[in-house]
Amino acid sequence: MIRPEVVQQLSCPSFGLATSWIISRKAVPADSLGEAHSLFKREVWPFPKTLSRKDSTVAKAKREKANETYRKTPSELGQILELYNEAICWAPEGSEELAMGYGNRSAIFFNGKQYRRCLANIELAKGSNYPEDKLVKLLEREKKCLNLLEKEPKLKVKEESSKMDFLVGEIVLHEKPSLVVIEPEVTFTRCNHCGQRNEYDLIPCMTCSAAMYCSEQCRKEAFTKYHRFECEIVEDLKNLFKGPKTTRMFQLTLRLFWMVVADLIEDRDQFLKRYADLSAYRNPLQIDKSTLHLHVLADNLPDMSADQTGKGVTQFLTALTYKLAVEENDSVPRELINEHQDLLLEVLYRLALQARLVCDQSPADISCLYPLFRMVNHSCAPNAERVLNGERSMLVAKRPIRAGEQVLVCYFPNGTTDSVPKDKRRAQLQREFKFDCQCLGCSLDYPLLNAMDDHAELRTELEHIKLEADSGKRLRLLANFLQRHDDQHPRKELSEAWRLFRDIKI
């Protein structure tokens, strides 16, 4: 095993230690989770338990740095707001320093003519022990905001009707993530619950200095589902999940585990009954956020028989996580641990095994769970393409999709029949997802684009469209071209037309 002082220097301590453990066992995993748990020794993890405390002194220093930055470079709004957010997060609940942070942030929004945000921060400041000697100025700012808002025009929102068929370029699916973990460097610019980038409206966790939320609703939901268990050990989790972004997939599954713990606390018998028969939770269209953990647990576990090293690493990570996040966590009732240790270890292990399949790390700065998108099937010749809009995942029709027709995407970027030979596509799918692809592209052995001849009529029409100077008109012509000639698929002209359409619209 790696010495503790060496573990402390590793870029990814948990995986380094887990790998060392399975190597020391000559790639032979433990016979059971119970054995792995009993073999784990706390002293091999060199990081002591650390409590996260708010600190008015730190908050004041961050706020004064934000004030100074604003005076020197007022145009650096993103950096300024991040500093104010950090100050607000460090300030104890109900403290004068918290009120000052909100008050200063309200001034930034007033000067930027964002009057509704200014008013929201004024309300937060007034509710957080704002100093009496500065209150007059704050109330004057509030009055000015209200007067200016009276002069703003009112906007009307037009509702659109839904359709069953999808034309080329239309959005087939628009999904927000149901669960997220944000990267540490965006703690003060993204909501810790929904993942939305929003440095303007963040409010802090009332207890720790490591989580902020875009709304009171997100703060309450996060606390109810998982943050009440994370809050005490948030500093320990930073060391546990330290490392590259891939490490955060296990933090995501830990949040699913906390939802199990919350269920057991609320109604133990009901959870045990549900867990005994998870078949009702397989369909993502029939679940909600309160049963997300059951939906994931209902998945079939990956076959680890050919990967004994991976199985052993997962066993060790489960034992380590259980020790730090459960046994050393006063937020988890002792009675629950004593009575259901085997169940808790089993659930944590099951979720860890599925981490790679559950977690989508395509969006920048966050790791996400998209229940609907992960149920979309693969095709090497897909009729839809995935597009990310911030933390939201969209499927856009790249070919006409008729009512009742299955929506299909390619699981690998640039991995379609356009450019990757069939043997390489199928080998990668078998390696990564353990299935033999039987899509139309593979079954009909679609040729690569560079092996196709030009279609004279399609080429002439496409070249004429490319000459259109107006991008809006060119977009409409491309969509019409793809729609009318879909029966010619696959053709290099159709693939080129889609790329041109995508570059303009997406």
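Matching residues to (1) open to solvent by 40 Å² or more (accessible area, probe 1.4 Å); (2) modelled with pLDDT under 95; (3) assigned to a loop (DSSP other than H, G, I, E, B):
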residue: 128; (1), (2), (3): no, yes, yes
residue: 149; (1), (2), (3): no, yes, no
residue: 159; (1), (2), (3): yes, yes, yes
residue: 162; (1), (2), (3): yes, yes, yes
residue: 168; (1), (2), (3): no, yes, yes
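For region 320-335, state whether one or more residues are surrounded by fewer than 19 Cβ atoms within 10 Å (Cβ to Cβ), at pLDDT below 90 and not in a strand (DSSP E or B).
No, every residue in region 320-335 fails to be surrounded by fewer than 19 Cβ atoms within 10 Å (Cβ to Cβ), at pLDDT below 90 and not in a strand (DSSP E or B).
Could you identify the single residue in 66, 27, 59, 99 that is under 30 Å from residue 1 (Cβ atoms) and either in contact (Cβ under 8 Å) with a residue 40 or more places away in the chain or touching a Phe, Trp or Tyr at 6+ places or on another chain (Cβ under 6 Å) (or both)?
On the way: 66 fails: under 30 Å from residue 1 (Cβ atoms); 59 fails: under 30 Å from residue 1 (Cβ atoms); 99 fails: under 30 Å from residue 1 (Cβ atoms).
Every option except 27 fails the conditions.
Just give me the residues in region 38-73 being open to solvent by 30 Å² or more (accessible area, probe 1.4 Å), within 32 Å of the chain's Cα centre (by Cα) and among the hydroxyl-bearing types (Ser, Thr, Tyr), in sequence order.
Across region 38-73, the qualifying residues are 50, 56, 70.
Would you call residue 211 of a type in the set (Gly, Ala, Ser), modelled with pLDDT of 95 or more and under 23 Å from residue 363 (Cβ atoms)?
Working: of a type in the set (Gly, Ala, Ser): yes; modelled with pLDDT of 95 or more: yes; under 23 Å from residue 363 (Cβ atoms): yes.
So residue 211 passes the test.
Looking at region 478-506 only, could you name the residues that are among the β-branched types (Val, Ile, Thr) and either open to solvent by less than 70 Å² (accessible area, probe 1.4 Å) or assigned to a helix (DSSP H, G or I) (or both)?
We begin by selecting, within region 478-506, every residue among the β-branched types (Val, Ile, Thr); these are 504, 506.
Within region 478-506, 504 is the sole residue that qualifies.
Could you check region 364-415 and list, in sequence order, the residues that are open to solvent by 60 Å² or more (accessible area, probe 1.4 Å), among the polar types (S, T, N, Q) and part of a loop (DSSP other than H, G, I, E, B)?
Within region 364-415, 406, 414 qualify.
When residue 425 is evaluated against the numbered criteria (1) over 24 Å from the mean Cα position of the chain (by Cα); (2) in a helix (DSSP H, G or I); (3) surrounded by fewer than 18 Cβ atoms within 10 Å (Cβ to Cβ), which criterion, by number, is the only one it fails?
Only one criterion is unmet by residue 425, namely (3).
Among (1) under 18 Å from residue 212 (Cβ atoms); (2) in contact with an Asp or Glu (Cβ under 7 Å, 6 or more places away or on another chain); (3) not hydroxyl-bearing (Ser, Thr, Tyr); (4) not in a helix (DSSP H, G or I), there is one condition residue 53 misses while meeting the rest; what is its number?
(2)
Could you run through region 349-371 and say how many residues are within 14 Å of the chain's Cα centre (by Cα) and more than 24 Å from residue 495 (Cα to Cα)? Lay out the reasoning, then the answer.
Step one: list which residues in region 349-371 are within 14 Å of the chain's Cα centre (by Cα), which gives 355-371.
From what's left, more than 24 Å from residue 495 (Cα to Cα): 355-361, 363-371.
Result for region 349-371: 16.
If residue 200 satisfies all but one of (1) of a type outside the set (Asp, Glu); (2) surrounded by fewer than 23 Cβ atoms within 10 Å (Cβ to Cβ); (3) at pLDDT 95 or above, what's the number of the condition it fails?
(3)
Return yes or no: is residue 274 open to solvent by 10 Å² or more (accessible area, probe 1.4 Å), over 17 Å from the mean Cα position of the chain (by Cα) and within 25 Å of residue 89 (Cα to Cα)?
Working: open to solvent by 10 Å² or more (accessible area, probe 1.4 Å): yes; over 17 Å from the mean Cα position of the chain (by Cα): yes; within 25 Å of residue 89 (Cα to Cα): no.
No.
Hey, any hits in region 486-496 for a residue that's under 36 Å from the mean Cα position of the chain (by Cα), small (Gly, Ala, Ser) and under 20 Å from residue 417 (Cα atoms)?
yes
(1) in contact with an Asp or Glu (Cβ under 8 Å, 6 or more places away or on another chain); (2) charged (D, E, K, R); (3) open to solvent by 20 Å² or more (accessible area, probe 1.4 Å): which one isn't true of residue 307, the others all being true?
Every listed condition holds for residue 307 apart from (1).
Which count do you get for residues in region 436-449 that are touching a residue at least 24 places away in the same chain (Cβ under 8 Å) and open to solvent by 20 Å² or more (accessible area, probe 1.4 Å)? Let's see the steps before the verdict.
Of all residues in region 436-449, those touching a residue at least 24 places away in the same chain (Cβ under 8 Å) come to 437, 439-442, 446-449.
Narrowing further to those that are open to solvent by 20 Å² or more (accessible area, probe 1.4 Å): 440, 446-449.
Adding up the residues that qualify gives 5.
Every residue in region 218-258 that is closer than 23 Å to residue 341 by Cβ and open to solvent by 50 Å² or more (accessible area, probe 1.4 Å), please.
The one that is closer than 23 Å to residue 341 by Cβ and open to solvent by 50 Å² or more (accessible area, probe 1.4 Å): 228.
The values are calculated or read from the model by the stated rules, or taken from the named source; none is laboratory data. In this text, all values refer to a predicted model and were calculated from it rather than measured experimentally. Heads up, the Cβs are rebuilt from the backbone with ideal geometry, glycines too, and the neighbour counts pull from every protein chain shown. SASA here: full protein model, heavy atoms, side chains in, ligands and nucleic acids out. Shrake-Rupley method; radii C 1.70, N 1.55, O 1.52, S 1.80 Å.
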